[in-house]
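Only one structure is covered here, and it is reproduced in the block below.
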Amino acid sequence: MRRRNLFLIALSLSFLFSSACKVKELVAKASAAAQDAKDRAAGPASAAAHASGNSAGAGDYAAPADGHLTGTEVENYIKIRQRAKQYEEAGRHDLEQRMKAREGKEPSLGDWVGSMGAMQNVVLSDSKAAKDLGYNVGEYEWVRQQMIDASMAAAADQGKIAGLKLADKERAALQNSLDTAPDESSKEIYRGMMADADKNRKEALAAEEPQSPAVIYNKQLIAKYEDATRPIMELFMKGTGHEDEITKGIKDLQKAASGTP
């Protein structure tokens, strides 16, 4: 999924967080995290594939030409992610303790080495977890990227629905203002505002890029095992300590798309 489709995710996230600055921050994190996932997907062979717009290759794993995930791959992904969260949490805790212990002190070589090890637990948590559980790391990296792409698409779907509902409410408010305007000059202003709103809505829908058949298929498959937006929510909020935030984010996104206050 290309970056310009992130405006739909930004729209959906605006319903989850009260501050506009927080929305921009999270969308930036989403873009960076998604790009990081692409860059990490199984080394040089995959990098060449990504450069040409094809993410099929991943290490020693021969990805299917149609880009479809299997139910088993989704199940394994969930298992690996649960294991990876333990590494992430341990790494973060270790880093926090090391920072507290050396407050006001010059870090030693041992501090740097220990911090690097803790950082690896955070950065390489997925590949470590995949190896621990005996799964092909190349396959996992490819599966992970498909999960993220499909999850971003699912979030964009709900963001689009929520955005259209909001646009409908705003248009209804403008129509009411038009109907109750005291004079023709005021009515003309509201007609112009409605025309601009309709134009912006059409342009936004026209700019939306279609989702690939593989993304659509994978999105529907993931939904059979967990909420399809969960992988991207987990990417925003890594670590076991964020489960309540992830669950709340998923529920709030669902409420926004359903129009529930």
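Below are the figures for this structure:
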{"item": "Residue check, M119 in contact with a Leu (Cβ under 9 Å, 6 or more places away or on another chain), at pLDDT below 75, open to solvent by 30 Å² or more (accessible area, probe 1.4 Å) and part of a helix (DSSP H, G or I)", "result": "yes"}
{"item": "Complete set of residues in region 181-197 that are under 25 Å from L164 (Cβ atoms) and either in contact with a Lys or Arg (Cβ under 7 Å, 6 or more places away or on another chain) or open to solvent by 50 Å² or more (accessible area, probe 1.4 Å) (or both)", "result": "I189, Y190, R191, M193, M194, A195, D196, A197"}
{"item": "Residue match in region 94-112 (condition: open to solvent by less than 10 Å² (accessible area, probe 1.4 Å) and either modelled with pLDDT under 65 or outside any helix (DSSP H, G or I) (or both))", "result": "no"}
{"item": "The lone exception for H242 - which of (1) of a type outside the set (S, T, Y); (2) open to solvent by less than 80 Å² (accessible area, probe 1.4 Å); (3) farther than 30 Å from E89 by Cβ it fails", "result": "(3)"}
{"item": "E188, sole failed condition from (1) more than 30 Å from A65 (Cβ to Cβ); (2) touching a Leu at 6+ places or on another chain (Cβ under 8 Å)", "result": "(2)"}
{"item": "Hits in region 51-93 (condition: outside any helix (DSSP H, G or I), modelled with pLDDT of 70 or more and either out of contact with any strand residue (DSSP E or B) (no Cβ under 8 Å at 6 or more places or on another chain) or exposed (fewer than 15 other Cβ atoms within 10 Å of the Cβ) (or both))", "result": "D60, Y61, A62, P64, A65, D66, G67, H68, L69, T70"}
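The values are calculated or read from the model by the stated rules, or taken from the named source; none is laboratory data. Keep in mind that what you see is a predicted model, and the values were worked out from it rather than measured. Cβ coordinates were reconstructed from backbone atoms using ideal geometry, including for glycine residues, and neighbour counts include every protein chain displayed. Just so you know, the surface numbers come from the protein's heavy atoms only, side chains and all, with ligands and any DNA or RNA stripped out. Shrake-Rupley method; radii C 1.70, N 1.55, O 1.52, S 1.80 Å.
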